[in-house]
Amino acid sequence: MMETGVAALLLVALLGTSSASSFYGDSISFSPLQKNQDGTYKVTFYHRQNGRNDCQNQSSLICEGGVCTDLDQSNALRTDQDFPGVGRWCQTEKRTTATFQANGTTLTLRDSGCCWASNVDGKTNWMSQAQLDLGVRSDTYRINNCPVTTSVSFLRVPQNCFTQHRLLAHDPDGDAVRCRFASGASANFTLDETTCTLRSTGELQPAVHVFELMMEDFSTQNISLSYADGSSASRDASSMNLPPLCRLKLNFVIEVLPAASSCVAGDVLPMFLSRTPSHGEVLHASVGQTFQLHAQAQAQNARIQNFQISGPQNMTQDFSTGSDGKAEVTVSWTPSEKDANRVIPVCFTAETETTQSEMRCAVVTVTRDTFLQGRASVQCLPNKMTVAVEKASMPDVSEEFLSLRDPSCTLTTNGTHIVGTMSFSTCGTKTEDKGDYIVFNNEIHSVERSNEVIIRRKTVKIDFYCQFPKSISISNFYALHQADYIFTESNFGSFGYSFEIFQDGNYTSKVEPVAYPVQVKLMEMIYMGIQAVSELPNVTLFVESCKGTPDNNPDNPMYYELIKNGCVKDETVKIHPSNQTSFNFEIQAFKFNGDYDQVYITCSVILCEPGNPFSRCAQGCVSEPSRRRRRGLSMETAEHYITQGPLQLVGPAGPGAAKAKKINAAPKSDTLPEGDSPVAPETRTNGESWRFREVLASNVTTVVFASGFILSLVLLALVVRHFSRRRRAEDLNVLIEDEFEK
């Protein structure tokens with residue numbers, strides 16, 4: 001009898017070990033903290049765990065130090081699973097609500113267990129962790145919100161097809177999120193900490209690889225933190241030397257499969273199509289109303305069997321297949337009152353029998369208010385789009401409380417519609433590759449004024465986009481040649497800028513889009529021109545600044561200033577006379593120090609009412625920014641940034657470089673718009689010093705090679721002379737011997 005009992009206990013232990021050794025990872029998310037009347041806080045945290053088979057043996061997060069009381073824990077509900085009988089993956093989510101006293105400075109949650117699924121890294125025990133700073137932020141007047149992240153249960157990728165894996169790293173407070181390995185990285189994997197992107201550095205071993213990452217958020221502005229005990233602390237903008245505001249651990253696995261026959265997206269690897277949300281897109285849901293997310297994918301030479309989805313409890317999936325290897329899923333979910341104000345991560349992949357698509361993630365924000373969707377029409381033209389929203393569909397909402405993604409671009413009204421016009425590279429418009437289409441999207445959303453104490457307006461959210469099939473091959477045009485920029489502002493209506501590169505100083509023949517990237521040689525003269533077009537009959541163009549960057553990101557910390565505050569900063573810049581809506585200038589080609597062969601030029605531009613002595617255009621060059629007058633809304637537009645390029649460096653200086661240098665060495669008599677006097681260049685910058693070193697290095701190299709060549713000629717002449725003398729001596733000896741014999 002005892003032996004039977006021992007055998008039964010051993011069997012239970014073995015079954016428990018088998019079930020527990022199927023851990024695939026987990027994630028933690030928080031709802032916003034609520035302060036109770038007695039000074040305590042209520043927090044709800046959600047713990048998603050991934051595994052295989054039944055996925056039911058989920059442990060619980062606990063508050064470190066036992067500071068949490070009044071625990072209300074839900075059962076671990078299964079939110080996703082593979083086909084019955086297959087059991088490759090599953091996911092559960094458990095909700096815990098707790099009350100705690102904010103006596104300390106941090107709240108820490110932990111969980112641990114055994115065991116990771118069998119993996120090449122040899123990891124067994126796992127641990128989950130979340131640590132939240134309890135200081136009240138000076139910018140939001142509340143305790144920090146942690147980053148939002150998760151992962152699907154089981155990630156798979158063929159050995160020869162892994163390029164990158166993008167993780168969700170959304171911060172509700174707009175903080176900067178950084179990712180780092182919490183333990184040693186799996187072999188031949190690296191992590192871009194800024195973008196939270198996993199990449200490979202070599203051949204990957206087919207096996208299960210374990211990843212333990214820590215996500216941390218840092219304020220993008222200087223703030224202070226106030227604690228319940230009366231103490232305080234400060235956080236400098238994006239400082240990595242101070243503790244983060246929150247730490248979240250994300251655990252997941254990737255199974256590297258044997259090499260696939262093709263790595264082309266849409267062939268055997270599923271590819272997401274245009275109906276699918278973009279990675280990191282923010283979606284909106286309302287309490288009590290059904291929210292739906294649609295995803296569509298295609299694999300022409302493999303069958304998509306289902307979608308793997310990481311989402312909240314009680315969501316449902318409706319899967320269907322179509323022709324040409326297409327499949328789609330509709331995820332439905334109705335938020336309850338407990339979900340109000342949550343920011344919920346949702347990630348998904350399209351699954352075939354042998355592999356899966358990339359992982360995409362979206363963020364769902366839940367409010368109690370009903371969002372006004374509005375009725376809008378969008379006109380898509382080759383270089384711009386116009387959105388018109390019916391005012392009748394949004395009663396009591398004025399355009400002054402609405403904004404595009406970039407708030408510097410405003411909206412106008414014609415009485416019946418609210419209108420915005422923009423090009424595909426301005427006003428926060430995003431360009432996305434959605435598999436079968438190139439999509440340009442933007443949004444109109446409601447804003448709150450900083451001086452408003454209360455508001456009684458409904459929240460507005462209108463997404464609009466233009467999409468173009470890839471077959472017309474417009475992607476290269478928009479990626480490389482950005483010439484037309486369209487903006488709308490309430491006092492100036494619709495206006496635009498063209499930014500072109502010209503073939504010569506006559507500024508009549510522009511470089512055609514098919515010639516981009518424009519190939520240049522160091523120290524060649526580059527001719528560029530900006531033209532403003534406005535609905536108003538009489539405006540003045542002013543170029544506030546121009547700078548070069550090694551890519552088309554104007555905020556790149558690596559840049560070189562050509563014009564700043566209306567003042568010329570580079571000695572090679574020459575400004576040519578033009579009319580009040582044109583700005584033509586030339587610069588000498590340069591490159592950035594390091595492994596860079598491209599340069600983009602970004603300028604900030606303003607339109608002003610002409611003849612107004614108080615406008616920014618009238619000020620011209622301002623060497624001290626503090627002397628700039630406050631912008632008059634009826635006198636000038638906001639500053640808008642326009643970019644042109646790339647200029648691609650293809651070799652050393654061309655034949656005309658010496659002439660260009662000689663011309664630019666002469667005293668300059670150029671004037672800036674609005675009658676500015678010439679400004680002496682500042683002390684030579686690193687970029688200019690580099691150009692001097694480049695020229696010097698080039699000259700030294702030339703001298704060295706020339707000296708070597710001359711020396712070779714001298715040595716050759718000496719050798720020839722030596723052998724000639726020796727030959728003559730030998731001939732003379734032969735003659736003497738002949739005479740002697742005679």
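Numbers at a glance
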item	result
Output for region 505-519, where each listed residue is among the hydrophobic types (A, V, I, L, M, F, W, C) and in a loop (DSSP other than H, G, I, E, B)	VAL511
Which listed residue, of ASP121, ASP192, is surrounded by fewer than 16 Cβ atoms within 10 Å (Cβ to Cβ), at pLDDT below 95 and of a type in the set (Asp, Glu)	ASP192
Of all residues in region 288-305 being crowded, with 18+ Cβ neighbours inside 10 Å and under 30 Å from ASP171 (Cα atoms), the one that is farthest from the chain's Cα centre (by Cα)	PHE291
Among the candidates PRO312, PRO345, residue that is crowded, with 22+ Cβ neighbours inside 10 Å and either part of a loop (DSSP other than H, G, I, E, B) or among the acidic types (Asp, Glu) (or both)	PRO312
Which numbered condition PRO147 misses (of (1) surrounded by 20 or more Cβ atoms within 10 Å (Cβ to Cβ); (2) at pLDDT below 95)	(2)
Residues within region 96-107 that are surrounded by 19 or more Cβ atoms within 10 Å (Cβ to Cβ) and part of a strand (DSSP E or B), tallied	4
Set LYS574, LYS547, LYS569, LYS521: member being without any contact (Cβ under 8 Å) to a residue 60 or more places away in the chain, in contact with a strand residue (DSSP E or B) (Cβ under 9 Å, 6 or more places away or on another chain) and among the basic types (Lys, Arg)	LYS547
Among (1) buried (at least 18 other Cβ atoms within 10 Å of the Cβ); (2) assigned to a strand (DSSP E or B), the one test that LEU522 misses	(2)
Residues of region 411-432 classified as part of a strand (DSSP E or B) and of a type in the set (Val, Ile, Thr), total	6
Residue list for region 151-170, filter: in a loop (DSSP other than H, G, I, E, B), out of contact with any Leu (no Cβ under 8 Å at 6 or more places or on another chain) and surrounded by 22 or more Cβ atoms within 10 Å (Cβ to Cβ)	VAL152, SER153, PHE154, LEU168, ALA169
Region 108-150: number of residues that are touching a helix residue (DSSP H, G or I) at 6+ places or on another chain (Cβ under 8 Å) and part of a strand (DSSP E or B)	5
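The values are calculated or read from the model by the stated rules, or taken from the named source; none is laboratory data. Quantities reported herein were computed from a predicted structural model and do not represent experimental measurements. For neighbour counting, all protein chains shown are included, and Cβ atoms are generated from backbone atoms with ideal geometry for every residue, glycine included.
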